[in-house]
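The values are calculated or read from the model by the stated rules, or taken from the named source; none is laboratory data. All values derive from a computational prediction rather than experimental measurement. Reconstructed Cβ throughout: ideal geometry from the backbone, glycine too, with neighbour counts over all protein chains shown.
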Amino acid sequence: MVKFGLKGCRLTLMIFLAVFTVFSLGLSTPRDLAQDVAQADEMFGNGQFDEAFRLYARAAEKDPSQYGPVIGLARIHLLRNALDEAEEALKKAIALKPQEQEPQALMGEALYRRDRYTQAAPFFEAAGRKARAEKMKAFEGKIPFQIESGPEVAILPFLQTDPLPIVKVTVNGQEGKFLIDTGGWELHVLPDFAEKCGLKPLGEKQTGTYAGGRQASVSNAVADRVNLGEFALRNVPVVLPERSPSPFKIDGIIGTIVLYHFLFTLDYPGGRLILRRNTPEMSRTVAVESAASGATRVPFWLAGDHFTYAWGTANGAGPYLFFIDTGLAGGGFTCFEHVVKEAKIELPKEGFQGMGGGGPITVYPFMVDLTLGQARRDGVQGLYGGMPPGTEKSYGFRTGGIISHGFFRPFAVTFDFQAMALYLKAIRI
């Protein structure tokens, strides 16, 4: 029989506490952290951003010196358009890996979204994006997209609604016809009209990517003044394509980066573009009015500089993250091969030639039932062939395709980049 005295009890307690401490620490071993990050990376790749965020946050809290969780948090903050949080995470990521290009590029993107172009320039340069950095430097002493004058709300009537909406825009005093396309980025001004407007290319050319993955050379410029209805904007960044990226007789294209400086509505049935000042008060007003009108609210994410994604389905398959690109003329949907298979989409044996910004592409028509959030449309015209293989994970997460004009046609669609939500209000005419 063994007897324990007071010293023996203390020794036993110390051994127990030591074992318990080792076991507790074992819950946060490097292996466990690596598993958290690996699982978060997998969720991110599947578009499960909120779930991935929680795991990245847990891993970063356990070990703030790990780069993986920090850059993971930064990516998701940017997708949420939470720019304060994104910048904070990116500062940490750059401190952890100063030579890594991704956090430099993402910091440039965060500052670019804030219209802090000259501050963004060195980050784009560090990321190897020299032409982008050069464009940012051209705004030294200027405020990009400065709204010089305008009301709280302005309305631009569509000159036409189909196959895509066109409105009047004035650039440096010259009035032209501009296509509205959320698949575009900045203000595209076509060669002949650019000459009338006195727009001069800035330095090196860049490569723009258009439908079908086709690429084309573009130059950059700065427009001194752009009028969108009653709104007068100064210092507007411009893209100068070498040739027209559209088969229509237009002078340019209004892309998402121009539009997200407003809280805007594409009112297809009403035939108008509504521009509201992009303020927190206006965001709250639109949310209340949309709820009262029975509009469908659809959360979305922002990747890169203008790629907006929201969850939807095709023929009941999915859900998939769809790129909201309103510029698909003659159709409401295009998708990747895996969606064709999973949604059991039947394609014809022969296609026809369409035109994208980078040149001609062969497309195959089909019909499909679609949802975006809770909004639904059956029998939407689809066009297969505009999504090159291998690009479904361009931003690190799997996407399904593009949802476009033909789907949105019965709706007034409001984009709120503060609330990161679409409001789809069905209107009967």
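What the table shows:
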| read-out | value |
| --- | --- |
| Qualifying residue in the stretch 193-203 (condition: on the phi < 0 side of the Ramachandran plot and either touching a helix residue (DSSP H, G or I) at 6+ places or on another chain (Cβ under 7 Å) or without any contact (Cβ under 8 Å) to a residue 12 or more places away in the chain (or both)) | yes |
| Answer residue from the stretch 147-171, given it is crowded, with 16+ Cβ neighbours inside 10 Å and among the hydroxyl-bearing types (S, T, Y) and is farthest from R272 (Cα to Cα) among those | T170 |
| Number of positions in the stretch 239-267 that are more than 18 Å from D416 (Cβ to Cβ) and in a strand (DSSP E or B) | 5 |
| Candidate set from the stretch 135-159 (those that are among the hydrophobic types (A, V, I, L, M, F, W, C) and assigned to a loop (DSSP other than H, G, I, E, B)); member that is farthest from R116 (Cα to Cα) | L159 |
| Set A292, A317: member being of a type in the set (G, A, S) and within 25 Å of the chain's Cα centre (by Cα) | A317 |
| Residue match in the stretch 364-383 (condition: crowded, with 16+ Cβ neighbours inside 10 Å, at pLDDT 95 or above and assigned to a loop (DSSP other than H, G, I, E, B)) | yes |
